[in-house]
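Read through the structure below, which is laid out as structure tokens, and then see the notes.
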Amino acid sequence: MADAVLDEAQGVLEAIRKAISTGNADEIKALSIEGEKLRKMAGGLPGWSGVLAYYSSAEGVELECFDSKTVEVARRVLEVEDLVCVPDEVKEFEKLIGEVLEQDPSTPGGKAARNQIYYDLELFRMCYSRRPHVSAYSTQVRRLVREKKSTEIIDKKNPGMKETISRLNDIRHRLRIKPPSHTPLEMVYAFCRMVSSFLWVMLSVPLNFAVASLRLTHPLLRRMGVNNGSLPLDMYQMYYARTLLAIMNVKIEYKGIGDDLSSLSKKGTIGMFSHGSNLDPFVIQACPVTFKWVGKKSLFMIPILGWIMTVWGHIPIDRKNLKKAKAALNETIVGKIHKWGRSIAISPEGTRTHSGRLGDFKKGPFHLATTVRLPVTPVSVKGAWACWPPGSPFAHPGNVVVEFLSPIHQNEDESQPDDKEAEIERLITKVRVALLKCETKVVKVSAVRDFRDDLGVRIMFCLPFVFSFFLWMLFRSLLSAR
């Protein structure tokens, strides 16, 4: 029986390959659903590529978020049968990269050419790494590296895979974005603004702790019909972040915030944002959708700043301790989402990228997403890396474009244990492809928002001074009364 199912499933796989080559979406959909059922019955198929995650899901196939280039790359990867040698596609990328790097990246044409080859490379790299044998090899290598053991034996058994992955990573490294250079005058200007930001933050510390007590009023206000985003502390955090961006002269353009996202934010959504800069938390906090964001534990241990983040309700995770990180994701975050209908912002990359490009994704955020069964909203943050790249001591003025992409809806019922990993892989694929398409698109800033012109920001800027003045007067009156 198992052999019969296996043979039938292999036949379906061949049919899918032919359907992909012709671009017949309806046929791919029907065959993928049937093939996924057979794959489960057969217990796994040799050669059944993870690329099928593009086309298969529990309730059908969503092809609208994938373009012809994705289908073409999937077809080419499925045809790579020889895993001992380096695929010809890698050699083609190496030839193209030399021509592309000769073009000036500051021109629209040069930037578009780099983005296009990077997009093609990432699709191929993603599809290749998910082939069963390549995935198993990569898993073994990661385990040996984690255990501080030599990978020499497994590398000798898989020379083609090692060389292919190494050459793909090398091409990827050559496509990294270089941070912009600044004149000495610009450095002095940015330094003065950062000093101003620091002084304003220090002055606002007493006010921040005082305002944090407003969280106690949120349960009552929710019963009165006040939604998340309109609660006192939510409004305060939004204007606080906008004021900091205004002091640093960072201007924002928000795209894609429509009725769909506004309705989702009332029930809760998981915003997965591309993370390349220290500005990202402020940029996300300043948007009209209120998020509680997830950050590394070390940030929450910084005196004053970490304390404020804690009392404001943001969530720390210990990246060095996997068990504690999972516990924080599954307990603290799930509780905030289900009890209060909160939206969570988390970076699937886990940390800032040092290349200016989209980094590799961690599985933790997607475990969370499949646990809470809420829509996942990919959020592309472009321009923040150039304003404050990793390694830079302070931010520089500039424009940032934040684009909220179409939410990815999930089934309301939790998946079966044997479907969990497949569902996570499908979700990772959809989020990564959506962010890749947006990140590699050359955009023009058309409706940038300067928060310095916002009345609420001007009031927020003055509040710490007023509050500190009243505290000083109260302190003086207490001293005189003694």
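The values are calculated or read from the model by the stated rules, or taken from the named source; none is laboratory data. Just so we're clear, the structure is a prediction, and the values are computed from it rather than from any experiment. Please note: Cβ atoms are built from the backbone with ideal geometry, for glycine as well, and neighbour counts cover all protein chains shown. Note: areas computed on protein heavy atoms with side chains; ligands, DNA, RNA excluded. Shrake-Rupley method; radii C 1.70, N 1.55, O 1.52, S 1.80 Å.
Please give the per residue accessible area of the range 200-317, computed with a probe of 1.4 Å over protein heavy atoms only, in Å².
Normalised by residue count, the accessible surface of the range 200-317 is 39 Å².
Other residues lying with their Cβ under 14 Å from the Cβ of residue 305 contribute a combined charge of +2, Lys and Arg counting +1, Asp and Glu -1. For residue 293, the solvent-accessible surface with a 1.4 Å probe is about 30 Å², rounded to the nearest 10. Taking all protein chains as they are arranged and a probe of 1.4 Å, the heavy atoms of residue 149 leave approximately 120 Å² accessible to solvent.
In terms of the Cα gyration tensor, with a ≥ b ≥ c the square roots of its eigenvalues, is the range 165-207 rounded because a/c is under 1.5, prolate because a/b exceeds b/c, or oblate?
Because a/c hits 1.5 or more and a/b fails to exceed b/c, the range 165-207 counts as oblate.
For residue 104 and residue 178, a Förster radius of 22 Å and the Cβ-Cβ distance give a FRET efficiency of 0.95, rounded to the nearest 0.05. Taking amide hydrogens as placed 1.01 Å from N in the peptide plane, the amide H of residue 357 sits under 5 Å from those of 177, each at least 5 positions away in sequence or on another chain.
For the pairs 91/162; 111/441; 91/362; 91/363; 382/441, note any where the Cα-Cα span goes beyond 20 Å. Among 91/162; 111/441; 91/362; 91/363; 382/441, the Cα-Cα distance tops 20 Å for 91/362; 91/363.
With every protein chain in place and a 1.4 angstrom probe, the accessible-area ranking of 106, 129, largest first, reads 106, 129.
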